[in-house]
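The values are calculated or read from the model by the stated rules, or taken from the named source; none is laboratory data. This one's a predicted model, so the numbers in the text were calculated from it and none came from an experiment. In this analysis, Cβ positions are derived from the backbone assuming ideal geometry, glycine residues included, and neighbour counts consider all displayed protein chains. Quick note on the areas: whole protein, heavy atoms, side chains included, nothing else; ligands and nucleic acids left out. Shrake-Rupley method; radii C 1.70, N 1.55, O 1.52, S 1.80 Å.
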Amino acid sequence: MANLLVTGGAGFIGGNFVHYWNAHHPDDRVIVLDALTYAGNRATLKGATNAELVIGNIIDTALVERLLREHDIATIVHFAAESHVDRSISGPDAFIDTNILGTHSLLKAARSVWLKGSGMPHRFHHISTDEVFGSLGPEDPAFSETTPYAPNSPYSASKAASNHLLRAYHHTFGLQVTTSNCSNNYGPYQYPEKLIPLFVLNALHGRDLPIYGDGMNVRDWLHVEDHCRGIEACLLRGKLGETYNIGGGAELPNLAVIDAICAAIDRAFADVEGLAERFPDAAAAKGRRSEELKVVVPDRPGHDRRYAIEATKARLELGFRPQWGFEEGLRQTLRWYLDHKDWWRPLMQSRHESCALS
Ligand code: NAD
């Protein structure tokens, strides 16, 4: 590989992927195309030496065509999306625009440059979600690649539509595509509207920890570095036209995740000198337990009960296995947020309005 186009590379998973690719493929050059929405952050790309940020929208087909030609790009890794379910409930339009029309714009650009032009070998890898499969009951088998789609939120419906477009461009036009559906990611650089960074930062500031409903919605937690490893495996070994499920093998109810966050914070305040001075509003700085900040809030409308990923195909065909255990990954993530106040502090000011969403 030489040059890659990474869409949404200033976001959480895309940003981690750019750093991962730089570290493991130092001769490759990464062109990041990102519109820098509220979720995009230039600071995430600091230190990524072989990456160049182009600020632009994936819906701009002409821009994408120009980037593919100018940089002689034969690989697209497509992360750019509106990604927060709560926002898709309060305002679905942006999800249709970016996730469906934006993905289609990228496919059109890829088709026109790669199929109508040089006919070069190429790959378009699409990052999608387990949420396209809908919700599981407690005893249901985990989602496999052949589970029928049953998306329940405007977000998951828009991602399902984008997956179908990839499939159609492969079958109809011969575009060389792969798709991966992953479970809930966590790790460094995640915007503090998603559960783990939101609860970490709220606890460090002595704010409520708002729990939806009974807190028993189950998710399969995947460390973002394992996800990057899974995407790398899809790019290097994934069969064209195929779909792969990437999971972390860590199914947990939200309440267990929240209790683990509270325990990890309390332990850090006991073990690490100076934390109480740096975060004086934290419950743990006042000799109280972080779990005292938990409050129950009304449930999200249409809240999916359980997601679980069956990742056997990725293991057998790609050799993918998650390497992070959840407890260890959570400790590493907490340490990252404790050490990177400069990254998240500017977001805390602009986040007040979105905080109400959580
Ligand atoms: P994110 O919200 O953190 O980042 C999205 C990035 O895309 C941001 O940098 C944003 O500026 C950019 N972007 C948004 N609209 C754009 C547009 N029209 N043009 C160009 N750039 C645009 O998202 P994330 O959590 O990193 O998710 C990345 C991908 O992984 C998404 O496709 C998402 O559906 C999928 N996914 C995420 C998770 C998760 O747990 N975070 C789980 C499953 C799947």
Under a 1.4 Å probe, what is the accessible area of the chain per residue, stated in Å²? 41
Whole-Hz Karplus ³J(HN,Hα) for segment 24-35, in order, using 6.51 cos²θ - 1.76 cosθ + 1.60 and θ = phi - 60°, x for Gly and Pro? 9, 9, x, 7, 7, 10, 10, 9, 9, 10, 8, 7
With each pseudo-label sitting 7 Å past Cα toward Cβ, what's the D93-D299 distance in nm, one decimal? 3.1
Rounded to one decimal in nm, the spacing of the 7 Å Cα→Cβ label points at D208 and H24 is 4.1
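Suppose R0 equals 45 Å; then what is the FRET efficiency for L36 and R288 from their Cβ-Cβ distance, rounded to the nearest 0.05?
Once rounded, the FRET efficiency stands at 0.70.
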Rounded tilt (10° steps) of 341-350 against the dominant C-alpha axis of the chain: 90
R207's amide H: which non-local residues (gap 5+, or another chain) put their own amide H closer than 5 Å, with H modeled 1.01 Å from N in plane and none for Pro or chain starts? none
Of all beta bridges DSSP finds with both residues in segment 191-334, what is the antiparallel percent, to the nearest 5? 40
For the chain, the percent of accessible surface on carbon and sulfur atoms (probe 1.4 angstrom, ligands and nucleic acids excluded) is 51
Could you run the Karplus curve 6.51 cos²θ - 1.76 cosθ + 1.60 with θ = phi - 60° over segment 165-174 and give me ³J(HN,Hα) per residue in whole Hz, x for Gly and Pro? 5, 4, 4, 5, 5, 6, 6, 7, 10, x
For the Cα atoms of the chain, what angle does the longest principal axis make with the long axis of helix 254-271, in degrees from 0 to 90, nearest 10? 60
Pull up all non-local amide H partners of V6: gap of 5 or more, or a different chain, and H-to-H distance under 5 Å with H placed in the peptide plane. I31, V32, L33, V77
Sites removed, the longest contiguous part of the chain containing no DSSP-loop GluC sites (Glu not before Pro) with at most 15 other Cβ within 10 Å is 1-138
quick note, the chain, DSSP beta bridge pairs, % antiparallel (nearest 5) is 10
Neighbour cut-off at most 14 other Cβ (10 Å), DSSP loop, trypsin sites (Lys or Arg not before Pro), segment 255-290: R288, R289
State the Cα centre-to-centre distance between segment 277-348 and segment 190-223 in whole Å. 6
Of all chymotrypsin sites (Phe, Trp or Tyr not before Pro) in segment 6-108, the ones in DSSP coil with at most 16 other Cβ atoms within 10 Å are Y38
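Filter the trypsin sites (Lys or Arg not before Pro) in segment 88-140 to those in DSSP coil with at most 14 other Cβ atoms within 10 Å of their Cβ, and list the result.
none
By the scheme Lys and Arg +1, Asp and Glu -1, what is the net charge of all other residues having a beta-carbon under 14 Å from that of Y20? The partial results should precede the final answer.
Working: positive: R229; negative: D28, E225, D226, E232.
That sum, taken over residues with Cβ under 14 Å, equals -3.
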Please give the net charge around D130, taking every other residue with its beta carbon less than 14 angstrom from that of D130, where Lys and Arg add +1 and Asp and Glu add -1. -2
Phi angles of segment 275-291, converted by Karplus (6.51 cos²θ - 1.76 cosθ + 1.60, θ = phi - 60°) into ³J(HN,Hα) in whole Hz with x for Gly and Pro, give 5, 5, 6, 6, 10, x, 8, 5, 4, 4, 6, 9, x, 9, 8, 4, 5
Can you list residues whose amide H is under 5 Å from N184's amide H, if they're 5+ apart or on another chain and H is modeled 1.01 Å from N? D220, L222
The FRET efficiency for A168 and E317, from their Cβ-Cβ distance with R0 = 35 Å and rounded to 0.05, is 0.95
